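Have a look at the structure below before the remarks.
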Amino acid sequence: MELTPDQKQKIREYLEQQGLSFKPLQDEMADHLICDLELLMRDGSSFNKAWVETTSHIGENHFQQIQQEVMETINKRFKWSQGLSIIALALL
C-alpha cells in the first residue's frame with residue numbers, strides 16, 4: 001500500500017520538528033520511514049498504527065545526531081579537498 005501525499009507530508013513535518021533541516025538527508029530519512037510504514041501497512045496495519053510503531057523506535061535527538069555526523073563528514077571532506085586544491089595551485 002502506498003502512502004498518500006498528506007501522509008508523506010506528515011513524515012516531512014515530523015523530520016523537520018525533529019531538527020532535520022539538511023534537505024538531502026531529510027529526503028533519505030523520509031524514504032526510509034515511508035518504506036517502513038508501507039511495509040507495516042501491507043501487513044495490515046493502519047497508517048496511524050504503523051506510524052506509532054515506527055516512530056516509537058526512534059530515540060530522542062536521533063535525527064539531529066545523524067545530521068550532525070553527516071555535516072561533520074561533509075566538512076572534513078571539503079577541507080581535505082580544499083587543501084588538495086591549494087597544493088595543486090601551488091605546484092602550478
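The values are calculated or read from the model by the stated rules, or taken from the named source; none is laboratory data. Predicted model only: the values in this text are computed from it and were never measured. Note that we place each Cβ from the backbone using ideal geometry, even for glycine, and neighbour counts take in every protein chain shown. Protein only, heavy atoms only, side chains kept; ligands, DNA and RNA dropped before computing areas. Shrake-Rupley method; radii C 1.70, N 1.55, O 1.52, S 1.80 Å.
A few points about this structure:
- Solvent-accessible area, 1.4 Å probe, carbon plus sulfur percent, for the chain: 55 percent
- Rounded to whole Å, sorted largest first: equivalent-ellipsoid semi-axes of the chain, Cα gyration tensor: 38, 13, 10
- Couplings 3J(HN,Hα) for segment 50-60, derived from phi with the Karplus relation 6.51 cos²θ - 1.76 cosθ + 1.60 (θ = phi - 60°), are 5, 4, 4, 5, 5, 6, 5, 8, 9, x, 5 Hz, where x marks Gly and Pro.
- Take the chain with all the other protein chains still there, run a 1.4 Å probe, and you get 74 Å² of accessible area per residue.
- Among 54-66, 6-18, the peptide with the highest mean count of other Cβ atoms within 10 Å heads the list, and the full ranking is 6-18, 54-66.
- On Cα atoms only, tilt of 5-17 relative to the major axis of the chain in degrees: 50 degrees
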